[in-house]
Amino acid sequence: MQLEEYKASLRADKPPSNAGGCLEALWHDGRNDWEAAHRIAQDIEDRNGFLIHAYLHRKEGDAWNAEYWYRKAGNSTPDCSLDKEWEELVIKMLELHSR
């Protein structure tokens with residue numbers, strides 16, 4: 001699946017089948033359901049989950065919490081728009097999912 005196909009899936013009632021937790025969290029966020037995205041992301045105990053969790057707190061406006069999760073993921077807070085970060089996360093997760 002490519003980014004445009006993933007974006008098109010946002011019009012569906014459910015995330016793409018077997019998307020995995022990271023892509024499912026980003027899918028819910030892409031549909032403006034922060035709560036569902038956060039519920040999923042907070043249960044993903046790896047670097048990718050930490051990045052999504054950080055992004056969600058950045059989007060929420062909780063800079064302190066976002067910085068904590070970025071550090072836990074081994075990253076710093078990105079210097080880009082939230083939309084750009086969402087796309088970059090989706091691309092990364094799609095690449096990892098296709099392996």
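The listed residues are LEU82, LEU96, LEU10, and the only one of them that is modelled with pLDDT under 95, at negative phi and not hydroxyl-bearing (Ser, Thr, Tyr) turns out to be LEU96.
Tallying residues that are in contact (Cβ under 8 Å) with a residue 12 or more places away in the chain and outside any helix (DSSP H, G or I) within the range 48-73 yields 1. Residues in the range 33-47 that are more than 22 Å from LYS7 (Cα to Cα) and either in contact with a strand residue (DSSP E or B) (Cβ under 7 Å, 6 or more places away or on another chain) or outside any loop (DSSP other than H, G, I, E, B) (or both): ARG47 alone. Taking the range 6-54 as the search range and keeping residues that are of a type in the set (D, E, K, R) and closer than 17 Å to LYS84 by Cα, which one is nearest to the chain's Cα centre (by Cα)? The extreme case among them is ASP29.
The values are calculated or read from the model by the stated rules, or taken from the named source; none is laboratory data. Note that the coordinates shown come from a computational prediction; the quantities given were computed from them, not determined experimentally. Here Cβ is always computed from backbone atoms with ideal geometry, including for glycine, and neighbour counts include all displayed protein chains.
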